[in-house]
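The values are calculated or read from the model by the stated rules, or taken from the named source; none is laboratory data. The shown structure was predicted, so the numbers you read here are calculated from the model rather than taken from an experiment. Ideal geometry is used to build each Cβ from the backbone, glycine not excepted, and the neighbour counts take in all protein chains shown. Surface areas here come from the heavy atoms of the whole protein model, side chains and all, with no ligands, DNA or RNA. Shrake-Rupley method; radii C 1.70, N 1.55, O 1.52, S 1.80 Å.
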Amino acid sequence: MLKKPVISMGYKIDWFQCTEVSKNDEVLDVLDSDFWNFLKKIGYNLNDFETASPRYFYNSGLTLGRYFNIYYDDEDKGINQYSPKNVLFQFTGRGATDLALKLSKYFQTDDFDEVWNFFFNVVMNYEVKVTRFDLALDDFKGVLDFDKMERKLLRREFKASKRSYNIVKEKNTDGTIKGETLYLGTRKRHQDGYLIRFYNKYAEYKSKGAILPTAVEDVITGTGTHIWQRYEMEIHGKACENFILKIIGGMSFGELYKSLMKNAIEFLKVNKSNKNKAYWSVVDWWADFLDGAEKASLAEPERDIDLGRLLRWIRVSVVPSLHLLDEIGRSKGFDIYEEIKKCVIGPYAKKQERLKDDALNMSDADIKNYLEEFEDGDY
């Protein structure tokens, strides 16, 4: 008998990449792209982009905060013989979040299963070829136990369509595990299909000193699960189109995810009286996970950081320490604020670039309100 299905998980589109080909087989200019003209409708502006280094044999690139990249060919620069001569649109993890929020506003719905369904119809109508699509299932309660999974893998107590798996562990100098990722399948350029990653997103964020989603860790109240595991599918090539067509055809993201995951691997109960794995049953904890995954839906993608949360974090976690250092400095002859100004800062991270773009587009009234809250510390 299965336990109550786990439904406290939510999906996120964590990468979206597609190309558009010129209708007359000539080099396609970004401004002539039908897909780009749709992106303009939902709020993107080419003037906000900066020049980026070209990749993938294209001779030109543009980037919006390094979270939304466009690669294309400029005929005045000479075309590489290996160039696909189309336009590539690449939304990274944070770019896909930005895209989802703009689509939600454009389609006027907060149902993100519906948002992406509408968007997929647009993609298919424009005859855009999707080349990569990542679907992540976020778990804030630790539904899966990585140690159990590893033991099952090492003992060969599973059946799988994937031919390989890999376990990568990061350790601190004292030998304790800092982070762990389980991979099923391999990534190959231009492959059709998908690979799967199970990893500790919480450990990843903590190692970077990044601000966590409030469901995981709220710096104001101290609440949160302090758990964040991600079970992600990276889908490539023709498998992207197959996925999208099934969603448009009526399957839910949960149904499709469960089907793909079940096909990829099933962890099994050992039957000592019968060594034929075909007769072994699936362990309860994996069946529970798959049942929960089927019932999960696309959650509203929470921005990792925005101006309000950044100011709240600084007010609660940083300001008291700065005041302490200021007091020490006055006694010991240094000015902590002048020392901070001397610090050399590298390029902003993608999430910081997006925060900057969002803040610069805020009204003066909203900025004033945030600053008043920051001064009062009344959260």
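Name the single residue that is nearest to L101 (Cα to Cα) among those in the range 64-79 being open to solvent by 50 Å² or more (accessible area, probe 1.4 Å) and touching an Asp or Glu at 6+ places or on another chain (Cβ under 7 Å).
Of everything passing the filter in the range 64-79, R66 is nearest to L101 (Cα to Cα).
When only residues in the range 282-306 that are touching a Phe, Trp or Tyr at 6+ places or on another chain (Cβ under 6 Å) and assigned to a helix (DSSP H, G or I) count, which is surrounded by the most Cβ atoms within 10 Å (Cβ to Cβ)?
Checking each candidate, the answer is A293.
Which residue is farthest from L144 (Cα to Cα), if the candidates are limited to the range 271-297 and must be within 24 Å of the chain's Cα centre (by Cα) and among the acidic types (D, E)?
Here the residue is E294.
Do any strands (runs of 3 or more DSSP E) entirely within the range 104-217 hold 2 or more residues that are acidic (D, E) and closer than 23 Å to S259 by Cα, and if so, which?
Filter on the range 104-217 gives 129-139.
In the range 17-55, what count of residues is obtained for those that are surrounded by 14 or more Cβ atoms within 10 Å (Cβ to Cβ) and not in a helix (DSSP H, G or I)?
Residues flagged as surrounded by 14 or more Cβ atoms within 10 Å (Cβ to Cβ) and not in a helix (DSSP H, G or I) within the range 17-55 amount to 16.
Need pairs with beta-carbon distance below 7 Å; first residue part of a helix (DSSP H, G or I) and within the range 354-373, second among the basic types (K, R); sequence gap 6+ or separate chains.
These pairs meet every condition: R354/R94.
When only residues in the range 228-249 that are out of contact with any helix residue (DSSP H, G or I) (no Cβ under 9 Å at 6 or more places or on another chain) and more than 8 Å from D192 (Cα to Cα) count, which is most open to solvent (accessible area, probe 1.4 Å)?
Within the range 228-249, the match that is most open to solvent (accessible area, probe 1.4 Å) is N242.
Can E255 be described as surrounded by fewer than 19 Cβ atoms within 10 Å (Cβ to Cβ), out of contact with any Lys or Arg (no Cβ under 8 Å at 6 or more places or on another chain) and under 16 Å from A293 (Cβ atoms)?
On the way: surrounded by fewer than 19 Cβ atoms within 10 Å (Cβ to Cβ): yes; out of contact with any Lys or Arg (no Cβ under 8 Å at 6 or more places or on another chain): yes; under 16 Å from A293 (Cβ atoms): yes.
When the stated conditions are applied, E255 passes them.
Which numbered condition in (1) out of contact with any Pro (no Cβ under 6 Å at 6 or more places or on another chain); (2) modelled with pLDDT under 95 is the only one that T97 fails?
(1)
Please find, within the range 340-357, the residue that is nearest to T223 (Cα to Cα) out of those that are in contact with a helix residue (DSSP H, G or I) (Cβ under 8 Å, 6 or more places away or on another chain) and open to solvent by 50 Å² or more (accessible area, probe 1.4 Å).
The selected residue is K350.
Just one of the numbered conditions (1) out of contact with any strand residue (DSSP E or B) (no Cβ under 6 Å at 6 or more places or on another chain); (2) open to solvent by less than 10 Å² (accessible area, probe 1.4 Å) is not true of I211; which one?
Of the numbered conditions (1) out of contact with any strand residue (DSSP E or B) (no Cβ under 6 Å at 6 or more places or on another chain); (2) open to solvent by less than 10 Å² (accessible area, probe 1.4 Å), the odd one out for I211 is (2).
Going by the structure shown, is F267 under 14 Å from M9 (Cβ atoms), not in a loop (DSSP other than H, G, I, E, B) and not charged (D, E, K, R)?
No, not satisfied.
Checking G61 against (1) open to solvent by less than 70 Å² (accessible area, probe 1.4 Å); (2) modelled with pLDDT under 95; (3) more than 18 Å from K129 (Cα to Cα), which test does it fail?
(2)
Identify, by number, the condition in (1) buried (at least 16 other Cβ atoms within 10 Å of the Cβ); (2) modelled with pLDDT of 90 or more; (3) farther than 30 Å from D147 by Cα that V316 doesn't meet.
Every condition holds for V316 apart from (2).
Please pick out the residue among I336, I328, I367 that is open to solvent by 70 Å² or more (accessible area, probe 1.4 Å), of a type in the set (A, V, I, L, M, F, W, C) and over 24 Å from the mean Cα position of the chain (by Cα).
None of the others qualify; the one that does is I328.
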